[in-house]
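The next block holds one structure in the form of C-alpha cells; read it before the comments.
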Amino acid sequence: MAFMLSVLDLLASGNFYHRMLALLTAIASARLISRIACPIVAIMFKWIVIGKYKPGTYPMCVFYLIICYCSGLTLLLSRWSSYYLRWWIVNQSLRCAKTL
C-alpha cells in the first residue's frame with residue numbers, strides 16, 4: 001500500500017496527464033481492492049458473529065411483562081431476540097458488501 005502511494009505521488013507531481021493517470025490508477029485500484037476486500041471482511045464477520053447457521057425455529061421477539069404493584073401499572077415490553085439481531089446485523093453487512 002505504501003509503495004502504491006509513493007508511485008502515485010511521483011505520478012501526481014507531474015503535469016496534467018500524469019495527474020490524470022494517477023487519479024485513474026487510484027480509482028481503479030480502490031475499486032479492485034473494495035471488490036476483493038469487502039466480501040472477504042463480511043464473510044469473516046459472519047463467521048465471528050453467528051458461526052454456522054443451525055436449522056431450527058428461533059423467536060424474533062422476546063416479551064417481558066412488567067407489573068408495578070404500587071401504582072397498578074402493567075407494561076408489556078418486547079425486544080429483538082439475540083439470534084435474530086445477530087442475523088440482521090450479518091445480513092446488513094453482507095448486503096453492503098455486495099453493493100460496493
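Annotations
- Projected label distance in nm at Ala30 and Arg86, using a 7 Å step from Cα toward the beta-carbon: 3.5 nm
- If the chain linking Leu94 and Val62 were pulled fully straight, counting 0.36 nm for each residue of separation and taking away their Cα-Cα distance, it would gain 9.0 nm.
- Taking label points 7 Å from Cα along the Cα-to-Cβ direction, Cys70 and Leu21 give a separation of 7.8 nm.
- Only lysines eight or more places from Lys98 in sequence, or on another chain, were considered; those with a Cα closer than 23 Å are Lys46, Lys52.
Every number in this text was worked out from the coordinates using simple rules, so none of it is lab data. Here the structure is a predicted model, which is why all the values come from computation and not from measurement. Every residue, glycine among them, receives a Cβ derived from its backbone with ideal geometry; neighbour counts consider all protein chains shown.
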